[in-house]
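Structure first, commentary second.
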Amino acid sequence: MALIITDECINCDLCEAECPNDAISMGEEIYEIDPQRCTECVGHFDEPQCRRVCPVDCIPRDPSRVETPQQLMDKYRRLQGEALAQARGGSERSRSCE
């Protein structure tokens, strides 16, 4: 399941930099997690890095977004494929401009 950031967030900025999937960004008042990008760090680490660094423990699992470990791994693979495609596209554009 994806994680969520509760209103107990103190906007310390620690979680955003730790997310390997760029799933965390500043919302209107507190940080937010994009559930389409959150894999709970599956594929990267053994535990969610945002939860590890959060000083107020305000990042629980979102019970409305239940995902199995396999679904999280599938999401990780999809995100890695997108990142690879973007990197390749950027390289091809760079070469075509030379």
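Anything in the stretch 11-26 that is closer than 13 Å to Cys58 by Cβ and over 9 Å from the mean Cα position of the chain (by Cα)? List them, or say none.
Asn11, Cys12, Leu14, Cys15
All of Glu47, Glu29, Glu40 fail the test of being on the phi > 0 side of the Ramachandran plot and not hydrophobic (A, V, I, L, M, F, W, C), apart from Glu40.
Would you call Asp74 over 12 Å from the mean Cα position of the chain (by Cα) and closer than 21 Å to Cys9 by Cα? So Asp74 fails the test.
Quick note: the coordinates plus some simple rules give every number you see, no bench work behind them. Computed from a predicted structure; not experimentally measured. So basically every Cβ, Gly included, is an ideal-geometry build from the backbone, and we count neighbours across all protein chains shown.
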